[in-house]
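Undergrad: Take this structure first; my questions come after.
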Amino acid sequence: MEGDNVVTFHLYRYRLLMKKPICLTGIKPTGMPHLGNYLGAIKPAISMAATGKYDCFYFIADYHSLTTIHDAKLMREYVYEVAATWLSMGLNPDQVTIYRQSDIPEIMEMNWILSCFTAKGHMNRAHAYKAIAAENTQNGRDVDQGINMGIYGYPVLMASDILFLQTNFVPVGADQLQHIEIAREIVSSFNAIYGEVLTPPEAMVQSETLVPGLDGRKMSKSYQNTIPLFLPEKKLQKLINKIKTDSLPPEAPKDPSDSLIFDLFKFFSTKAQQDDLAAWYKKGIGWGEAKAELFKVINVALTEPRAKYEELMANPALIDNILDEGAAKVRPKAAEFLKSVKVATGMSR
Ligand code: ADP
Ligand code: TRP
């Protein structure tokens, strides 16, 4: 985001128009959401909705998952897991429209239209595609091995998700900034020809620092270093015990600013709790003790949502109902806006 001024400006402008700015974000169902997804995307999005200042649309990006998940049973399971995560972490479906991407076919029409205004060069430069291509080259494989057209065109689909609802703000983790930038480029190309039809979106990034995973790299399903949100207590504890540490003896003073355990602890604790733990570090803490402290704060934060999550997962029909209602609210808006885009391009009257 270019700064708080942009937000203030939009809120002011929309108040004059007697409308609320649109806030939208999506999560790919590719596995149970983890602490990184929660802190980087889900929590900020739920906090934005709670202000009541935005009209919020949060969705399950199953078309995006289809680029990599080719197992129907898993796909179904992951969609429920992501929906249940939003709902158990505090999303209120009376305040936020939550839906499944594939229930909105208008997104696909938008995707084609926008792809005709997307420079191929942008796709070549997109981080996610570039990373796979580079890994192929490094390992002596064909540069395109394992890359389907869905992966290549991923940023256009993401732009479609955002633009079909005339979104103003997109709460995401810092790793998604390039995608929002591409969406803005597409808006510029389209609007340069047809006038102010598409709305340029603003990314809202909570923090530039990504949540680290068990091995110290960015926590990500792709690195298998995640702490999934809703593990049973015992498993959560076991996973936390796997966090990489050095071999300093328990009594040796330790530096909290150079500790993965402390980094994660900060996300779930008050300033006073952090000061206490930092003092213990300096005095000499055993890594087992530090991990136990981390487990305690994460477990306190997750106990209630975990119970809700389990209840929802045992009742998928309830989740389906909520997603169906969301789609029913979105589709008329989608159809109306798509029509105006088609009129602009000369395809509809
Ligand atoms: P993953 O990398 O595990 O596949 P996704 O790409 O599905 O995660 O990310 C979903 C959302 O969570 C995105 O908005 C992304 O920016 C955010 N996110 C993912 N990992 C992290 C992290 N380690 N720290 C902060 N935000 C993250
Ligand atoms: N690409 C996002 C991710 O990997 C998920 C996503 C798809 C998304 N469409 C979106 C996020 C639209 C925000 C807005 O995490």
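The values are calculated or read from the model by the stated rules, or taken from the named source; none is laboratory data. Everything quoted here is computed from the prediction, not taken from an experiment. So basically every Cβ, Gly included, is an ideal-geometry build from the backbone, and we count neighbours across all protein chains shown. Calculation scope for accessible area: heavy atoms of the full protein, side chains included, ligands and nucleic acids excluded. Shrake-Rupley method; radii C 1.70, N 1.55, O 1.52, S 1.80 Å.
Undergrad: Rounded to the nearest 10 Å², what accessible area does residue 156 have for a 1.4 Å probe in the complete protein model?
TA: Spelled out: residue 156, probe radius 1.4 Å, area about 10 Å².
Undergrad: Return the calculated 222 nm mean residue ellipticity for the chain, to the nearest 500 deg cm²/dmol, obtained by summing -39500 (n - 2.57) across DSSP H runs with n ≥ 4 and dividing by the residue count.
TA: -17000 deg cm²/dmol
Undergrad: Just to compare against my own numbers: the Cα pair-distance distribution for the chain, 20 Å bins, whole % per bin, please.
TA: 27, 55, 17, 1
Undergrad: Place +1 on the Cβ of every Lys and Arg and -1 on the Cβ of every Asp and Glu in the stretch 230-309, take the dipole about the Cα centre, and give the residue among 279, 305, 256 whose Cα lies farthest towards its positive end.
TA: Of the options given, the answer is 305.
Undergrad: Given all pairs of different Cα atoms, what value in angstroms does the Kirkwood hydrodynamic radius of the stretch 230-309 take?
TA: In the stretch 230-309 this quantity evaluates to 13.1 Å.
Undergrad: Would you compute, for the Cα atoms of the stretch 1-83, the largest minus smallest coordinate along each principal axis and list the three values in descending order, in whole Å?
TA: Principal extents (largest minus smallest coordinate, Cα): 48, 24, 22 Å.
Undergrad: What is the spread of the Cα atoms of the stretch 76-229 along each of their three principal axes, largest first, in whole Å?
TA: For the stretch 76-229, the Cα spread along each principal axis is 49, 48, 32 Å.
Undergrad: Moving on. Between the stretch 2-55 and the stretch 62-90, what's the alpha-carbon centroid distance in Å?
TA: 21
Undergrad: Return the carbon/sulfur percentage of the accessible area of the chain, one whole number, probe 1.4 Å, all protein chains in place.
TA: The C+S portion of the solvent-accessible surface of the chain is 54 percent.
Undergrad: Let me ask something additional. Heavy-atom accessible area per residue, the stretch 1-123, 1.4 Å probe: how many Å²?
TA: Averaged over the residues of the stretch 1-123, the accessible area is 45 Å².
Undergrad: Express in whole angstrom the spacing between the alpha-carbon centres of the stretch 300-330 and the stretch 92-142.
TA: Using only Cα atoms to place each centre, the spacing works out to 26 Å.
Undergrad: Rounding to the nearest 20 debye, state how big the charge dipole of the stretch 230-309 is about its Cα centre with +1 on each Lys and Arg Cβ and -1 on each Asp and Glu Cβ.
TA: Result for the stretch 230-309 is approximately 400 debye, rounded to the nearest 20.
Undergrad: Another one. Local charge sum around residue 172 (other residues, Cβ-Cβ under 13 Å, Lys/Arg +1, Asp/Glu -1)?
TA: -3
Undergrad: How large is ³J(HN,Hα) for each residue in the stretch 110-115, as worked out from phi by the Karplus curve 6.51 cos²θ - 1.76 cosθ + 1.60 (θ = phi - 60°), to whole Hz, x for Gly and Pro?
TA: Karplus-based 3J(HN,Hα) across the stretch 110-115 equals 4, 4, 5, 4, 5, 5 Hz.
Undergrad: DSSP loop (so not H, G, I, E, B), at most 12 other Cβ within 10 Å: list which trypsin sites (Lys or Arg not before Pro) in the stretch 1-61 pass both filters.
TA: Answer by residue number: 19.
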